[in-house]
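A quick write-up on the structure given underneath.
Every number in this text was worked out from the coordinates using simple rules, so none of it is lab data. Given the structure is predicted, the values throughout are model-derived calculations rather than measurements. Positions of Cβ are backbone-derived with ideal geometry, glycine not excepted, and every protein chain shown enters the neighbour counts.
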There are 2 protein chains.
Amino acid sequence: MTAFDFTPLLPAGLPPAAARWTGLAQYNFTGGNNDADEVPVDGLLAAADAVIGREGRNLATYNLGHGPLGYRPLRDFLAEKLKRDAGIACTADDILIVSGSLQALDLVNGALLARGDTVICEKDCYQGTLTRFARLGVNVIGIPLDKDGMRTDALATALADCKQRSVRPKMIYTIPTVQNPTATIMPAARRAELLRLAGQYGVAVFEDDCYSDLIWDGERPPALYAMSTAGNVIHCGSFSKSIAPALRVGFMVAPWAIMSRMLPLKTDAGSGALEQMVLAEYCAPHFTTHVPALRKALRAKVETLMEALNEQFGTAAEFEDPQGGIFLWVKLPDTVDTMKLYQAALKEGVAINPGPEWSTDKAHATPRLRICFASPTHRQIREGVAILADVCRREFGVPTRIANVERARA
Amino acid sequence: MTAFDFTPLLPAGLPPAAARWTGLAQYNFTGGNNDADEVPVDGLLAAADAVIGREGRNLATYNLGHGPLGYRPLRDFLAEKLKRDAGIACTADDILIVSGSLQALDLVNGALLARGDTVICEKDCYQGTLTRFARLGVNVIGIPLDKDGMRTDALATALADCKQRSVRPKMIYTIPTVQNPTATIMPAARRAELLRLAGQYGVAVFEDDCYSDLIWDGERPPALYAMSTAGNVIHCGSFSKSIAPALRVGFMVAPWAIMSRMLPLKTDAGSGALEQMVLAEYCAPHFTTHVPALRKALRAKVETLMEALNEQFGTAAEFEDPQGGIFLWVKLPDTVDTMKLYQAALKEGVAINPGPEWSTDKAHATPRLRICFASPTHRQIREGVAILADVCRREFGVPTRIANVERARA
């Protein structure tokens, strides 16, 4: 087959062409992958058995005949779960099942944003959100974080500044509960202040709550959606972190005023039904026992990671002990450029997330990196961090100290 | 919760707000729903059992660790199937699994179209394609059809006319195999002519092959993708029609030159893994026996539908005996406006697809309608058509004859 030249047919502004996939890195510290040992395989299998046998015929009908919001028993489970865990009072009719929370991002962006608009988010922020904002051509204001998440004093200043420039930001995108990548949790008082500011300036709030199931002690503040009285909050969550990411099942809760504008943008005739059926069947009886076991396994892994970092990097690696999640946001000495470290480490089989891809402030993020710890084994964590330290030492001269005896024996 | 006013935040050009879903019509002759009795429930159940037990742990990794093109065994099955059924020589690396063929439409449109561009399609055409084109603000040239599908003489004229106006259409979108809604199949010679014209004018071809498994006698011409030597064809297909639509699994075959531009637009981190796993496990051994049984059931239903139409509408309903598929494209007398018929019938519990929503030529399509026959039972088909005839008679005075004795006894 000769090569037809598609180039003259391509519209302006396409992302760069994809490269051929060459497989996962041997030591993969990127992506929201989960712990393979913690996938509840037997439970999912039993759930599939029961629900396919009972309702498999319904697969002949789009959305299983349950309408565009998705499989009703899954929405019923979520209404109960959101009430119990996040304090959200809603019904199944307020919940839309989506193809992973990434589709939620696309639906919210599609319903609110036009080129040239302004949005606000945390300064260190989920890469998938930042790349979407860039592709849409919106102006992004990054608000600095502290140990309690987005700093509302800085948010107040930013909003006032926008108002002075006659700019009305479309939304505040925030991950208040186990923020990605900083793993901070915003306390209730600050949530109230964020909501007060959003209301004052007439800005929508998009609460990305994907990691909220993975807090070590299970205790969390109420969701922004739950605390809001203004009806300006859109909430999204996911089963990627609590059950398994490859399933691609997320959900949104939103006032009908905006849900009704997002729904027509979901042009996929529904999300995968089998995943929805199996999740509903599995989660209703097992979610509350599965998730604590998963948290325990993840906590053990982050302890291994922190130990390995202390051992291999010593004081060169700075991080907070996270309260939950699957990632650690690490600061290396200012001389380290993690974009370069990323390239060099990848050649040695170690994949990391370089900070600049996860921040609106490239300079601030250059010596920072995100390390995901759920997917690699304890042994891979130890080995991968040791290799990373070797590469970092070779490329940047830090960490200076020699890896200790444990490493030599590995 | 008070009602926040999102209106000032909405960008221009959003589709109208969705209405609350009120359930499926009692007699539902719309949508690509399939025959519930023909869902291979036991086979899917056994497949789920086997594959979840064997590979369930892989759900912890995005795309099951098989990369962005999707689950490898499903792509392997498709490579073999496409070779056998459609004459397509390709490998698993040329195939992308998508979330139903609707996602394929979005990816192709995204990679090729900008506002103001020109596209070519069949004059009577899948509604989802037409609404997408409208939303994207592209100019659509509808080519008339005859019993052999898109008329290539008219296509030649349209392309020459575009050239004279210095317009280079971006693509020819076609459903050559069981065209939607006309159910025509384009013979090989006309396919060759379409490809020759596309090559001559430097236009891409998007072959939507969703219904090609459902030809009564199983015989089909080679796919355009298979016949093309220019490398300008993008092919898509689906498991919605052959297995079950609620699964939301489709696939694309495309030269890497354009696949590499579409892949970055698939921002959902992969399609649902469980569906892909179960389909691969089920289809590899069972596809070739399942599909003929499904065809037989569908053929029986279309015969019931044609009988019911003849009985209730007499000569007022004109249609061709289709060679496959799940829908019938019916012409009523010119005095009938199917947009109005649709509204009136819906009140009586009968849902149909009014012609104008399925055509680039509203006047031509006004007395036409699409009737989907796979989902309703034989009894529902008979009852629904009888109600439709009553409504049509009441609203438009046709069909004139009284329903026959069978109807009176019902």
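FRET efficiency for the residue A:93 to residue B:257 pair, using the beta carbon distance and R₀ = 60 Å, is estimated at 0.85.
What's the Kirkwood radius of the protein assembly as shown in Å, using all Cα pairs?
Numbers: mean 1/r = 0.0355 Å⁻¹.
One over the average 1/r among Cα pairs gives 28.2 Å for the protein assembly as shown.
With its label point defined 7 Å out from Cα along the Cα-to-Cβ axis, residue A:3 lies at 5.7 nm from the matching points of the other copies, in increasing order.
Are there any trypsin sites (Lys or Arg not before Pro) in the stretch A:1-108 that are in a DSSP loop and have at most 14 other Cβ atoms within 10 Å? List them by number. Walk me through the numbers before you get to the answer.
Numbers: sites: A:20, A:54, A:57, A:75, A:81, A:83, A:84; in loops: A:20.
Listed in order of number, the matching sites are A:20.
Chain B's nearest residue to the axis relating it to A, judged by Cβ and reported with the distance in whole Å, is B:272, 2. Taking the Cβ of residue B:190 as the centre, find all other residues whose Cβ is under 14 Å away and add up their charges (Lys, Arg: +1; Asp, Glu: -1). Residues close to residue B:190 contribute a combined charge of -1.
With a sphere of radius 13 Å drawn around the Cβ of residue B:156, what net charge do the other residues whose Cβ falls strictly inside it have (Lys, Arg +1; Asp, Glu -1)? Walk me through the numbers before you get to the answer.
Values: positive: B:151, B:163, B:190, B:196; negative: B:153, B:161, B:193.
With Lys, Arg at +1 and Asp, Glu at -1, the neighbours total +1.
The slack in the chain from residue B:288 to residue B:217, taken as 0.36 nm per residue of separation less the alpha-carbon distance, amounts to 24.2 nm.
Report, in order of residue number, the helices in chain B meeting two criteria: a C-alpha extent of 15 Å or more along the helix axis, and a mean Kyte-Doolittle hydropathy of at least 0.5; treat each whole DSSP H run as one helix. Intermediate results must be reported in sequence, preceding the final value.
On the way: long enough: B:41-55 (20 Å, 0.79); B:72-86 (20 Å, -1.04); B:101-112 (17 Å, 0.94); B:152-164 (18 Å, 0.12); B:188-201 (20 Å, -0.26); B:273-313 (46 Å, 0.05); B:378-396 (26 Å, -0.29).
Membrane-span-like by this rule: B:41-55, B:101-112.
I want to verify the translational diffusion coefficient of chain B in µm²/s; compute it with Stokes-Einstein, Rh as the Kirkwood radius over Cα pairs, at 20 °C and 1.002 mPa s. Rounded, D is 95 µm²/s. Taking a virtual spin label 7 Å from the Cα of residue B:364 along the C-beta vector, which residues in the stretch B:111-126 bring their backbone nitrogen under 18 Å of it? It comes to B:119-126, nothing else. Only helices enter this figure: runs of n ≥ 4 DSSP H residues, each worth -39500 (n - 2.57), summed and divided by the residues of the protein assembly as shown, yield -13000 deg cm²/dmol at 222 nm to the nearest 500. Close amide H partners of residue A:205, meaning residues 5 or more places away or on another chain with modelled amide H under 5 Å apart, are A:172, A:233, A:234. Counted over the protein assembly as shown, the DSSP beta bridges are approximately 55% antiparallel. Extension gain, residue B:229-residue B:164: 0.36 nm per intervening residue step, less the Cα-Cα distance, totals 20.8 nm.
Plainly put, the tip 7 Å out from Cα toward Cβ on residue B:154 is 6.1 nm from that tip on each other copy, the closest given first.
Looking at chain A, the DSSP beta bridges with both ends there are about 55 percent antiparallel.
Note on A:60-71: average number of Cβ atoms from other chains within 10 Å of each residue's Cβ is 6.
How high is the FRET efficiency between residue A:54 and residue A:377 when r is their beta carbon distance and R₀ equals 45 Å, given to the nearest 0.05? Walk me through the numbers on the way to the answer.
Details: r = 37 Å, r/R0 = 0.82.
Result of the calculation: an efficiency of 0.75.
Neighbour counts of other Cβ atoms within 10 Å put B:166, B:238 in the fewest-to-most order B:166, B:238.
Since only B:325, B:314, B:344 are under comparison, the one whose Cα sits farthest along the positive direction of the charge dipole of chain B, derived from C-beta charges on Lys, Arg, Asp and Glu, is B:344. With each label modelled as a point 7 angstrom along the Cα→C-beta vector, the residue B:153-residue B:395 pair spans 3.6 nm. Take every DSSP beta bridge whose two residues both sit in the stretch B:41-286, then give the antiparallel share in percent to the nearest 5. Just about 40 percent of them are antiparallel.
List the equivalent ellipsoid semi-axes of the stretch B:41-286 in whole Å, largest first, each obtained as the square root of 5λ for an eigenvalue λ of the Cα gyration tensor.
Numbers: eigenvalues 208, 75, 45 Å².
One finds semi-axes of 32, 19, 15 Å for the stretch B:41-286.
The other copies place their residue A:284 label points at 3.3 nm from this one, listed shortest first, where each point is 7 Å from Cα along Cα→Cβ. Which of the three applies to the stretch A:246-320, rounded, prolate or oblate, going by the alpha-carbon gyration tensor with a ≥ b ≥ c and a/c under 1.5 meaning rounded? Here the stretch A:246-320 falls in the prolate category.
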